[in-house]
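Since the structure comes first, as structure tokens, the remarks are kept for the end.
The values are calculated or read from the model by the stated rules, or taken from the named source; none is laboratory data. What you are looking at is a predicted structure, and each value in this text was computed from that prediction instead of being measured. We place every Cβ from the backbone using ideal geometry, glycine too, and count neighbours over all the protein chains shown. These accessible areas exclude ligands, DNA and RNA; they are computed on the full protein's heavy atoms, side chains included. Shrake-Rupley method; radii C 1.70, N 1.55, O 1.52, S 1.80 Å.
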Amino acid sequence: MKKGMLLKVLVPTALILAALVFYQNVLMKNGDSLAALKDREAAAARALKKYGRLIREKPLIEKKLESMKESRIAREADIFEGQSLSIASAALQETVKNIVSGGGGAVSSERIGKTGPLGGFMVISASFEI
């Protein structure tokens with residue numbers, strides 16, 4: 001009688017333990033995977049929203065870039081490059097002469113004045129009689 005009683009207790013206990021092991025090792029891991037999958041899906045949705053916003057802003061960004069390029073070109077027009085201060089001064093004189101003669105004028109006198117440093121550049125002053 002004791003063997004039968006022992007079997008009646010052990011068999012259900014073993015089945016319950018097997019069900020718990022199955023639940024923990026199979027079903028819980030799938031639940032964790034599902035949560036991780038939902039997290040990745042949410043992250044992908046956020047990235048998609050961000051990229052969509054950037055695509056919509058692309059024309060504005062391109063206009064701003066073009067404006068910055070034009071501004072840089074305008075600033076570079078004020079810079080005369082030369083291997084020496086004398087060569088840069090001559091380039092300045094030549095540019096002013098071309099501008100004046102292009103407008104139908106003539107330069108009667110020209111003079112390079114003081115030069116001095118400004119930041120990483122040298123400033124050249126020039127006087128012209130037109």
*Roughly how many percent of the accessible protein surface of the chain is carbon and sulfur, given a 1.4 Å probe and a whole-percent answer?*
63 percent
_Extended-chain gain in nm, criterion 0.36 nm per residue less alpha-carbon gap, Tyr51 and Ala18_ = 7.0 nm
_If I take R0 = 35 Å and measure r between the Cβ atoms of Leu7 and Leu37 in this structure, what FRET efficiency does the formula 1/(1 + (r/R0)^6) give, to the nearest 0.05?_
0.20
*With each label point set 7 Å from Cα along the Cα-Cβ vector, what nm distance links Leu118 and Ile61?*
3.5 nm
*D for the chain, whole µm²/s, Stokes-Einstein with Kirkwood Rh over alpha-carbon pairs at 25 °C and 0.890 mPa s: what number?*
104 µm²/s
*Convex hull (Cα only) mean projected area of the range 86-130, reported in nm² to one decimal*: 3.3 nm²
*Lysine pairs in the chain 8 or more apart or on different chains: how many have alpha carbons under 29 angstrom apart?*
13
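At 222 nm, what value in deg cm²/dmol follows for the chain if DSSP H runs of at least 4 each add -39500 (n - 2.57) and the sum is divided by all its residues, to the nearest 500?
Rounded to the nearest 500, it is -24500 deg cm²/dmol.
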*Mind pulling the angle between the C-alpha long axis of helix 28-76 and the longest principal axis of the chain? Nearest 10 degrees, somewhere in 0 to 90.*
0 degrees
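Which FRET efficiency value, to the nearest 0.05, do you get for Ala106 and Leu85 by plugging their Cβ-Cβ distance into 1/(1 + (r/R0)^6) with R0 = 35 Å? Don't skip to the answer; put the middle values down first.
Details: r = 26 Å, r/R0 = 0.75.
The computed FRET efficiency comes out at 0.85.
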